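Have a look at the structure below before the remarks.
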Amino acid sequence: MEIPPEGLEVCGIGHVTPKVLQRWLADIVGAKAWVQAREAELEGRADAGLVSVAARLAAGGERQQVAARLLMSDVEGAAMLAERGGDAMAYQMALKACGKSTAGGGAPSCARLSGQRWAVLEGVRPVAPG
């Protein structure tokens, strides 16, 4: 493998010099371990950022609280909040998450959400059958 004289840009890692690339080629196992460690660091930072955003949202209104629960994959918590609330957007987010999520099947509060209730919250008058 020919190493470019300027090195390489590696996504998530940055610029890798030709000297480092040569060391990686000489020790593939060590290079893979190094890259895996960097990936784990990046994933940890992303998770921490997600928790930080969710915490900020959780301090907000009903809509933000439902969004925070969904951001943390807590479909049951989002459905519970939406069920007892009156915000149509929050209700819609929870209802949609219940329908898409396999966790929705294991979230008892999802069974209590309905398109009809969402329509009422939206201000849509139900059409009489017939």
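Only the coordinates and a few stated rules stand behind these numbers; no lab work does. Remember, it's a predicted structure, so these values are computed and weren't measured experimentally. As a convention, Cβ positions derive from the backbone with ideal geometry for all residues, glycine included, and neighbour counts pool all protein chains shown.
Per-structure values
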read-out	value
Computed label-point distance, nm, for sites ARG125 and ALA26 using a 7 Å Cα→Cβ extension	8.1 nm
Cα-only radius of gyration and Dmax that characterise the chain, units Å	23.8, 78
The chain - charge dipole about Cα centre, Lys and Arg +1 at Cβ, Asp and Glu -1, debye rounded to 20	480 debye
Helix-only CD estimate at 222 nm, as mean residue ellipticity for the chain, using -39500 (n - 2.57) per DSSP H run (n ≥ 4)	-20000 deg cm²/dmol
5 angstrom amide H check on VAL16, placed H, neighbours 5+ away	LEU8, GLU9, VAL10
Listed residues ALA111, SER52, ALA67: farthest to the positive end of the dipole of the chain (Cβ charges)	ALA111
0 to 90° range, to nearest 10: angle between helix 88-100 axis and the chain longest Cα axis	60 degrees
